[in-house]
Amino acid sequence: MTRIISGGAGSLALEVPGAGTRPTSDRVRESVVGALESAGVVEAAAVLDLFAGSGALGLECLSRGAASADLVEKSPKAAAVTARNARKVASALGGAPARVHRASADAFLRGTTQRFDLVFLDPPYDLADGDLAETLGLLRAALSEDADVVIERATRSGEPPLPAGLRWERSRRHGDTTIWWARTDR
């Protein structure tokens, strides 16, 4: 069972889309979002969750005090689950602003004028490095001056390609998954 771990919507159960998604485990999500929260990155942040699946990463941030969350999911079935989860969290928090966009990550990034402080990318593990590089290149224009970018990839995939304007902060391996944390270059 996937759930919101902490904050105003803590312990709230979330739906998980069926086939075709790979939800971030509660253990990994707690490690990542807990570290971001400790670093002061989550509070009042505009959060973008690309390849959202259930929306758990962005919704976890809302529960812990983020200002807003945009959840982007291409699959119609997964986007419907994400929307239901966003409504549950909004209800628990008294109307927290979560917006669900049924679009590919690249299409959303090409069309947005918003700027985000914290971005999660949890693409399918089989997404080619070149495709991820293209998405990260499009993302750069949607980042605030002091943005953090968290990428979840299969450990076997190695270090993701970063575009100019982003620099690596750290990485952490969680079994078959590695979390990569980057920041905008000032």
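Could you tell me which numbered condition PRO23 fails, if it satisfies all but one of (1) free of Cβ contacts under 8 Å to residues at least 60 places away in the same chain; (2) within 20 Å of ILE151 (Cβ to Cβ); (3) in contact with a strand residue (DSSP E or B) (Cβ under 6 Å, 6 or more places away or on another chain); (4) buried (at least 19 other Cβ atoms within 10 Å of the Cβ)? It fails just one condition, (4). Please verify whether region 57-65 includes one or more residues that are small (Gly, Ala, Ser), at pLDDT 95 or above and either part of a helix (DSSP H, G or I) or farther than 18 Å from ALA147 by Cβ (or both). Scanning region 57-65 turns up at least one residue that is small (Gly, Ala, Ser), at pLDDT 95 or above and either part of a helix (DSSP H, G or I) or farther than 18 Å from ALA147 by Cβ (or both).
Screening ARG87, ARG29, ARG99 for residues that are basic (Lys, Arg), over 24 Å from ARG172 (Cα atoms) and either within 14 Å of the chain's Cα centre (by Cα) or assigned to a loop (DSSP other than H, G, I, E, B) (or both) leaves exactly one candidate, ARG99. Residues of region 154-186 that are out of contact with any helix residue (DSSP H, G or I) (no Cβ under 8 Å at 6 or more places or on another chain) and of a type in the set (Lys, Arg): ARG156, ARG167, ARG170, ARG183, ARG186. Within region 102-124, the set of residues being in contact with a helix residue (DSSP H, G or I) (Cβ under 7 Å, 6 or more places away or on another chain), surrounded by fewer than 22 Cβ atoms within 10 Å (Cβ to Cβ) and not in a helix (DSSP H, G or I) comprises ARG102, PRO123.
The values are calculated or read from the model by the stated rules, or taken from the named source; none is laboratory data. All of these numbers come straight from a predicted model, not from anything done at the bench. FYI the Cβ positions are ideal-geometry reconstructions off the backbone, even for glycines, and counts take in every protein chain you see.
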